[in-house]
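Report on the structure given below.
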Amino acid sequence: YAPGGYRPLREWIGARHGADAGRVLVTNGSLQAIGFLAHHHFSAEGGAAVVEAPTYDRTLKILRAAGADIHTVPVGGDGLDVDALAGLLASGLRPHLIYVIPTYQNPSGACASLDRRKALLELVHRYELTVVEDDPYGLLRFEGDPVPTLHELDGGERVIYCSSFTKTIAPGVRTGYVVVPEGLTKPLGALSENTYIGPN
């Protein structure tokens, strides 16, 4: 068995995102990847998480169950209000994670502009933070040019990238994945192996 998932699939995903296959963890839906990340970052000692307002309700439930102290930042038609986030950070908040859905945000449908994405990453690097980019809808664009993902703009240094095939292939397949920085491969791999031995 392969705890990280089927190796050829991991290699294909890694090539698609410019990452080594060892940094790819296949999960039973992308929500499970978010569950693993929440458990790893919050279950031992709690801490703050920043999310968009509104955001995906199940992620909120997972973060709360893991013990995260949740702070919200408004999202508009142009994406996350980066100035509001900057204000939170200037006040001293240092979240363990910032969770965002920059492309076709759920539930607002907003798509963050390139400028907003770059501004967010500038803050993330200035304060040495970690972003979880949830991107299950990015391939569903019908018009216009795609905007680079945060992961593409960042190179995977401070952005953890989650996605899923449930919106592009079939919901019943329940196959998601996460691309993580090198330092997270072992702890998340151990957590996944202890949860389900290996994904479907």
Handout entry: His96, His41, ranked by accessible area, largest first (probe 1.4 Å)
Key = His96, His41
Fill in the blank from the handout: 1/(1 + (r/R0)^6) with r = Cβ-Cβ of Glu122 and Tyr6, R0 = 45 Å, i.e. FRET efficiency to nearest 0.05, evaluates to 0.75
Exercise for the section: Might you work out the accessible area of Tyr196 for me, using a 1.4 Å probe with all protein chains in place, and round it to the nearest 10 Å²? Expected result: 40 Å²
Exercise for the section: Assign unit charges at the C-beta atoms only (+1 for Lys and Arg, -1 for Asp and Glu), then state the dipole size of the chain relative to its Cα centre in Debye, rounded to the nearest 20. Expected result: 560 debye
Handout entry: Net charge, Glu152 excluded, C-beta distance under 14 Å - Lys, Arg +1, Asp, Glu -1
Key = -1
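For the stretch 24-122, what is the charge dipole size about the Cα centre, in debye to the nearest 20, if Lys and Arg each add +1 at the Cβ and Asp and Glu each add -1 at the Cβ?
Rounded to the nearest 20 debye, it is 240 debye.
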Fill in the blank from the handout: With the 1.4 Å probe rolled over protein heavy atoms, the chain has an accessible area per residue in Å² of 47 Å²
Completion exercise
Of every hundred units of 1.4 Å-probe accessible area on the stretch 1-126, the number belonging to carbon and sulfur atoms, as a percent, is 53 percent
Problem - Partner lysines for Lys167 [C-alpha distance under 24 Å; skip if fewer than 8 residues away on the same chain] - result: Lys61
Practice task
For His151, His17, His39, His125, write out the residues from largest to smallest accessible area, computed with a 1.4 angstrom probe and no ligands counted.
Solution key: His39, His125, His17, His151
Practice task
Please get the size of the charge dipole for the stretch 98-200, origin at its Cα centre, with Cβ charges of +1 on Lys and Arg and -1 on Asp and Glu, quoted in debye to the nearest 20.
Solution key: 220 debye
Practice task
Obtain the nm distance between the two label points defined at Asp83 and Arg16 by a simple spin-label model: each point lies 7 Å from its Cα along the Cα-to-C-beta direction.
Solution key: 3.7 nm
Practice task
May I ask for the net charge around Asp81, where only other residues with Cβ less than 11 Å from the Cβ of Asp81 are counted and Lys, Arg are +1 while Asp, Glu are -1?
Solution key: -2
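The values are calculated or read from the model by the stated rules, or taken from the named source; none is laboratory data. This is a predicted model, so every value here is computed, not measured. We place every Cβ from the backbone using ideal geometry, glycine too, and count neighbours over all the protein chains shown. Remember, those area values only see protein heavy atoms, side chains included, never the ligands or the DNA or RNA. Shrake-Rupley method; radii C 1.70, N 1.55, O 1.52, S 1.80 Å.
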